[in-house]
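The values are calculated or read from the model by the stated rules, or taken from the named source; none is laboratory data. Because the structure is a prediction, the values reported are computed rather than measured. Cβ atoms come from the backbone with ideal geometry, glycine included; neighbour counts cover every protein chain shown. Surface accessibility is based on the protein's heavy atoms, side chains included, excluding ligands, DNA and RNA. Shrake-Rupley method; radii C 1.70, N 1.55, O 1.52, S 1.80 Å.
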Amino acid sequence: MEIARRFKYIIISVIAFLVVGFYGLVTFNLSFMGPVANALRNFSMTDIYYQIQQSVGVADTCRFITIVDMTDLPNREFIAAGLQDIMDYEPKAVGIDIVFEGLKPDTASDMWLMDIAKNYPQITWSFKLMDFDPTDQDYKGEVHSFFAWEAAPKEGFTNMPRDLYEGVKRQTPVGRSLNGEMVTSWVNSVSDTYAGEQIMPITKKDININFRHAEFPCLHASEVVDHPELIKDHIVLYGTMKEETDMHYCPLGKIAGVELLAYAVKTIVTGTNLKYLPTWFTILMSLLIVAFTSWLIAHYGRWANSHIKNDYWRTFMTSAIVTGFITFVWMAFLTYIGFIVFALFSVSVNFGWAFSGIAFRFTAENFYKVFFEPNRQ
């Protein structure tokens, strides 16, 4: 019992996480708890940091990426015309976020697109990976634009990492395996073209997108000729900004697919991919935070009981209302510290588990008393 008293708050912390684990097992294994489980899967402390960043700061204007919106262009003739306008102003790299599947009755427009694909190597065209084999971690199928085999343009796949529930997009792939061979992502290819060199090896991994709030200049295809300064030597992403079927949820909320890709390209080009602390460090940190929180509240309770003489005032100051407020302030302080680290170093400190343990601290303290201080009950 002497050892238990010496490590009382560490033991309380361990018990708190055992309780968290029990509720986690229940939540993730009961079918009717699916919505709650899905919400927990999609939660990340980075979402809180990004929301703080949006509310307290002004968005930075990206100086090297421009989005050109093709949402309401009626057919391939107008799409090709808009693309030709872009190329006339000498962008450094262009990404086309659309796959031109099959030929259309308008043969002239198809040939125009093919000529552009042949003559402008700074364009990365999109293709889709299909038929994923989870056993081999390999894609077996692919969908390309109609001119891919003849024109042999630069291509990259636009598939984004996703889970069973189409959760929040936080990562972008660097490469994937297609029939046993590595192929590069669209985002990676556009970034390499702009840099004039390979920024990172093409491997089967994902990069954490940095969603530091930014504004990307956005032009309609008809406005390109009026703003050559936003095209020349820039990265130009040509896609749809208002197509509902191409909207995605990210830590900033619901945004267009091409804007999501813009954040991904910006992350790779600037080398600011979001980093996470090692799992072992997060576990140790969470245990210590819960233990310290329990010690802090206990220490405050002893101080209040010994220094506040008025019975009514002492009862109020040691009540759950006040201790709950102290806990809230402490958690808010931790969140602020995490945000500072995030803002300065692009490192996400995950306090989620610590906050879960703190939520069950009172239950853990009762279990401790039952197991290790039964004579005090």
Picking from 253, 257, 301, the residue that is of a type in the set (Gly, Ala, Ser) and closer than 30 Å to residue 11 by Cβ would be 301
Criterion first (open to solvent by 10 Å² or more (accessible area, probe 1.4 Å) and out of contact with any strand residue (DSSP E or B) (no Cβ under 9 Å at 6 or more places or on another chain)) does residue 215 satisfy it?
no
Single residue of region 241-272 satisfying the filter (in a loop (DSSP other than H, G, I, E, B) and out of contact with any strand residue (DSSP E or B) (no Cβ under 9 Å at 6 or more places or on another chain)) that is least open to solvent (accessible area, probe 1.4 Å):
251
Could you tell me whether any residue of region 273-285 is touching an Asp or Glu at 6+ places or on another chain (Cβ under 8 Å) and assigned to a helix (DSSP H, G or I)?
no
Just to be sure before I move on: is residue 135 under 20 Å from residue 176 (Cα atoms) and touching a helix residue (DSSP H, G or I) at 6+ places or on another chain (Cβ under 9 Å) in the structure I sent?
no
If you go through region 168-212 one residue at a time, how many are on the phi < 0 side of the Ramachandran plot, open to solvent by 20 Å² or more (accessible area, probe 1.4 Å) and not acidic (Asp, Glu)?
20
Per-region count, region 273-302, residues charged (D, E, K, R) and open to solvent by less than 80 Å² (accessible area, probe 1.4 Å)
0
Going residue by residue through region 171-180, is there one that turns out to be under 24 Å from the mean Cα position of the chain (by Cα), among the small types (Gly, Ala, Ser) and in a loop (DSSP other than H, G, I, E, B)?
no
Residue check, residue 363 against (1) open to solvent by 40 Å² or more (accessible area, probe 1.4 Å); (2) over 30 Å from residue 47 (Cα atoms); (3) in a helix (DSSP H, G or I), all met but one. Which one?
(2)
Scanning region 229-240 residue by residue, those hydroxyl-bearing (Ser, Thr, Tyr) and open to solvent by 10 Å² or more (accessible area, probe 1.4 Å) turn out to be 240
Output the number of residues of region 303-315 satisfying the condition of being under 18 Å from residue 362 (Cβ atoms) and open to solvent by 60 Å² or more (accessible area, probe 1.4 Å).
2
List pairs: first in region 176-194 and touching a residue at least 40 places away in the same chain (Cβ under 8 Å), second among the polar types (S, T, N, Q) and assigned to a strand (DSSP E or B), Cβ under 7 Å, 6+ apart or cross-chain?
186/124; 186/126; 187/172; 189/124; 190/124; 193/124
Is it the case that residue 211 is more than 19 Å from residue 77 (Cα to Cα), modelled with pLDDT under 95 and not polar (S, T, N, Q)?
yes
Among the strands (runs of 3 or more DSSP E) contained in region 39-134, which hold 1 or more residues that are surrounded by fewer than 16 Cβ atoms within 10 Å (Cβ to Cβ) and among the charged types (D, E, K, R)?
123-133
Residues satisfying the stated conditions in region 176-190, i.e. within 24 Å of residue 348 (Cα to Cα) and of a type outside the set (A, V, I, L, M, F, W, C)
188
Do we find a residue being without any contact (Cβ under 8 Å) to a residue 24 or more places away in the chain, over 17 Å from residue 9 (Cβ atoms) and over 35 Å from the mean Cα position of the chain (by Cα) anywhere in region 341-362?
no
Residues located in region 314-332, provided they are under 26 Å from residue 52 (Cβ atoms) and hydroxyl-bearing (Ser, Thr, Tyr):
323, 327
